[in-house]
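Step one of this worksheet: look at the structure below.
FYI, it's all coordinate maths here, none of it is from the lab. Treat the numbers as computed from the prediction; the structure is a model and nothing was measured. Here Cβ is always computed from backbone atoms with ideal geometry, including for glycine, and neighbour counts include all displayed protein chains.
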Amino acid sequence: YIPLGTVHRLENPGVIPLKLIEVQTGSYLGEDDIVRYNDEYGRE
């Protein structure tokens, strides 16, 4: 669980590929409210 408004990042420091399941809750499930503070992969 990551509280609303918390700046967070996910990293896999291991050598085994990571499988991630993202779960969203609430009445709005769009992605247009995502704020990227620093993106090393050039995403907008």
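Taking the criterion of being part of a loop (DSSP other than H, G, I, E, B), surrounded by fewer than 10 Cβ atoms within 10 Å (Cβ to Cβ) and touching a residue at least 24 places away in the same chain (Cβ under 8 Å), would at least one residue in the stretch 5-20 satisfy it? Yes; the residues of the stretch 5-20 include at least one that is part of a loop (DSSP other than H, G, I, E, B), surrounded by fewer than 10 Cβ atoms within 10 Å (Cβ to Cβ) and touching a residue at least 24 places away in the same chain (Cβ under 8 Å).
Pairs are defined by a Cβ separation below 9 Å, a sequence spacing of at least 6 or placement on different chains, a first member in the stretch 28-44 that is within 16 Å of Gly5 (Cα to Cα), and a second member that is in a loop (DSSP other than H, G, I, E, B) and acidic (Asp, Glu); the pairs so defined are Arg36/Glu44.
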